[in-house]
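Some notes on the structure that comes next.
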Amino acid sequence: NILALCAIMFLPAVSCQKTAPIPAKETVTVATQPSGMQSAFSGVKLITIWPTADWKATSNVDWIKVEPAQGKRGTQEVSLIYEENFSGEVRTGIVTFSASQGSDTYTLTQNY
């Protein structure tokens, strides 16, 4: 059977070909999903991130501090430290975790 013989001869040539590795994207993913509303009192929300490169965090509001605010690659737990809410309204803050090629966010909502 010539077709079977050709297939047997062709397969080793295909399997020995080398391909360039796909470069890993240097990004960070927030593993912890937002989980409801935080109390009006000050507190700490612990979240887990999965960075594949050096990263930094920024908050779009002054009442949320991030500790640590930057780091290296590897799964990490990060603290979002939020102040007491005296505003009389529900408020929302967004923390952005960024690496050189991508970012992810965590939204923290706080009661009044």
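Inspect all residues belonging to the range 69-82 and state whether any of them is surrounded by 15 or more Cβ atoms within 10 Å (Cβ to Cβ) and among the hydroxyl-bearing types (S, T, Y).
Yes, some residue in the range 69-82 is surrounded by 15 or more Cβ atoms within 10 Å (Cβ to Cβ) and among the hydroxyl-bearing types (S, T, Y).
Quick one: in the range 37-48, of everything that is closer than 19 Å to Y112 by Cβ and touching a Ser or Thr at 6+ places or on another chain (Cβ under 8 Å), which residue is surrounded by the fewest Cβ atoms within 10 Å (Cβ to Cβ)?
Step by step, filter the range 37-48, then rank; the result is V44.
So which residues in the range 58-112 are touching a residue at least 60 places away in the same chain (Cβ under 8 Å), under 15 Å from E26 (Cβ atoms) and outside any loop (DSSP other than H, G, I, E, B)?
F97, S98, A99, G102, S103, D104
Out of the residues in the range 49-62 that are open to solvent by less than 20 Å² (accessible area, probe 1.4 Å) and hydrophobic (A, V, I, L, M, F, W, C), state the one that is farthest from N85 (Cα to Cα).
Filtering the range 49-62 for residues that are open to solvent by less than 20 Å² (accessible area, probe 1.4 Å) and hydrophobic (A, V, I, L, M, F, W, C), the one farthest from N85 (Cα to Cα) comes out as A53.
The values are calculated or read from the model by the stated rules, or taken from the named source; none is laboratory data. Computed from a predicted model, the values in this text were never measured in an experiment. Here the Cβ is made from the backbone with ideal geometry for all residues, glycine too, and neighbour counts use every protein chain on show. In case anyone asks, the SASA skips ligands and DNA or RNA and just uses the protein heavy atoms, side chains included. Shrake-Rupley method; radii C 1.70, N 1.55, O 1.52, S 1.80 Å.
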